[in-house]
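Participant: The following block contains the structure, expressed as C-alpha cells.
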Amino acid sequence: MILNYISSTMKMRQMSTKKGLVIVYTGNGKGKTTAALGIVLRAVGHGMKVGMIQFIKGEWYYGELTSARRLEPEFDLVAAGKGFVGIIDDDHHIQDHKNAARVALDLIRKKMSEKKYDILILDEINYAAKIGLISVSEMLDILKRRPKGMTLVLTGNYAPQEIIDLADLVTEMREVKHPYKLGIKAEKGIDF
Ligand code: ATP
Ligand code: MG
C-alpha cells in the first residue's frame, strides 16, 4: 500500500492537478495547529499563497504571529479571536467571542470569494463550533463555497461528524502522553 502511495505521489509530481482537499486535524492530542503550520512551510516553498484565520486565538502571543511576517507575502495570518473561552483569564462576555467568530466568518467568505489563496487554514474552527461560537451549518456553508482547487484545513478538537464525512483527509491526534498532565507548563517554541 505504501509503495502504491509513493508511486502515485511520483506520478502526481509529474502531472500535479491541484484538486484541492478538505483536511481535518482533530483529536485530544497535541499537534493540530502545528501540523497546519507545517503545511504552510511546505506550500510557501512552492510559492503558493496560504492564509490562516484563527478562531479563539487573538490575545495571547504565539511564535507563529512573528514568523508569519517572514513568510509574507505568500503567507497571511489573522488572529481573529478573543482568547480562551470560559477559562483562565477570560474576561469577555460570551457574546464578544461570538462577535469575533462572526468577523472571522465574514473574512473567510470574503477571502474565498476573492480566490486569493491556494490553501486556507481555519485554526480552531472545530472547537469554535463545539462551544457554539459558530454553527455546523455555517461550517458546511464554508465547505460549499470552497473555490475549485483550493485546499481547506480545519483544525481543533471535536470536529463535527458532518465535516468528517465530507473531508478528504482526517487525522485524529490522540493523546498518549502530555507534559501538562505532569504539571509541566507550556514550553516556548513548542506550545506557543
Ligand atoms: P499545537 O498548537 O501545539 O499544535 P493543538 O493545536 O493540537 O496544539 P490545541 O487544542 O489547539 O492543540 O491546544 C493549544 C495548546 O494546548 C497548545 O499549547 C498545546 O500544547 C496544548 N495542548 C494540546 N493538546 C493538549 C493536551 N492533550 N493536554 C494539554 N495541553 C494540550
Ligand atoms: Mg490548536
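Participant: With each run of n ≥ 4 DSSP H residues scored as -39500 (n - 2.57), what mean residue ellipticity at 222 nm is computed for the chain after dividing by its residue count and rounding to the nearest 500 deg cm²/dmol? Write down the numbers at each step before the final one.
Facilitator: Numbers: 7 runs with 76 residues, N = 192.
Mean residue ellipticity at 222 nm (helix-derived): -12000 deg cm²/dmol.
Participant: While we're looking at this one, here's another question. Residue-wise, which Karplus ³J(HN,Hα) couplings in Hz belong to the stretch 90-97, taking 6.51 cos²θ - 1.76 cosθ + 1.60, θ = phi - 60°, and x for glycine or proline?
Facilitator: The phi angles translate into 6, 10, 9, 6, 3, 5, 4, 5 Hz.
Participant: I need the P(r) histogram for the stretch 81-192: all alpha carbon pairs, bin width 10 Å from 0 out to the longest distance, whole percents.
Facilitator: Here the calculated profile for the stretch 81-192 is 12, 38, 34, 15, 1.
Participant: Could I ask something else about it? Quick one: what are the phi-derived ³J(HN,Hα) couplings along the stretch 160-173, Karplus 6.51/-1.76/1.60 with θ = phi - 60°, whole Hz, x for glycine and proline?
Facilitator: x, 4, 4, 6, 4, 4, 8, 6, 8, 9, 10, 10, 9, 6
Participant: Something else now. Which whole-number value in Å² is the accessible area per residue of the stretch 37-139, probe 1.4 Å?
Facilitator: Working: 5270 Å² over 103 residues.
Per residue, the stretch 37-139 has an accessible area of 51 Å².
Participant: Next question. Determine the sum of side-chain charges near Lys116: Lys and Arg each +1, Asp and Glu each -1, restricted to other residues whose C-beta is under 10 angstrom from that of Lys116.
Facilitator: On the way: positive: Lys49, Lys110, Lys111, Lys115; negative: Asp76, Glu114, Asp118.
Net of charged neighbours comes to +1.
Participant: For the stretch 45-124 and the stretch 139-192, what is the separation of their Cα centres, given in Å?
Facilitator: Using only Cα atoms to place each centre, the spacing works out to 14 Å.
Participant: Let me know the whole percent of all Cα-Cα pairs from the stretch 35-83 that are separated by more than 16 Å. Write out the running numbers ahead of the final one.
Facilitator: Numbers: 410 of 1176 pairs.
That tail contains 35 percent of the Cα-Cα pairs.
Participant: Along its three principal axes, how long is the chain when you only count alpha carbons? Whole Å, largest extent first please.
Facilitator: 52, 40, 36
Participant: Using Cα pairs under 8 angstrom and six or more residues apart, how large is the relative contact order of the chain, in percent?
Facilitator: Values: 309 pairs, mean separation 66.5, N = 192.
It comes to 35 percent, rounded to a whole number.
Participant: If you roll a 1.4 angstrom probe over the protein chains with everything in place, what fraction of the accessible area of the chain belongs to carbon and sulfur, to the nearest %?
Facilitator: Numbers: 6540 of 11720 Å².
About 56 percent, which is the carbon plus sulfur part of the accessible surface.
Participant: To the nearest 20 debye, what charge dipole does the stretch 17-182 have about its Cα centre, counting +1 at the Cβ of each Lys and Arg and -1 at the Cβ of each Asp and Glu? Walk me through the numbers on the way to the answer.
Facilitator: Numbers: 25 positive and 21 negative charges, 115 e Å.
So the magnitude is around 560 debye.
Participant: Here's a follow-up. As a test of understanding, state the convex hull volume per residue of the stretch 64-106 from its alpha carbons, in Å³. Walk me through the numbers on the way to the answer.
Facilitator: On the way: hull volume 3.2 nm³, N = 43.
With only Cα atoms used, the stretch 64-106 gives 74 Å³ per residue.
The values are calculated or read from the model by the stated rules, or taken from the named source; none is laboratory data. Keep in mind it's a predicted model, so treat the numbers as computed, not measured. As a convention, Cβ positions derive from the backbone with ideal geometry for all residues, glycine included, and neighbour counts pool all protein chains shown. Areas reflect the complete protein model, heavy atoms only, side chains present, ligands, DNA and RNA absent. Shrake-Rupley method; radii C 1.70, N 1.55, O 1.52, S 1.80 Å.
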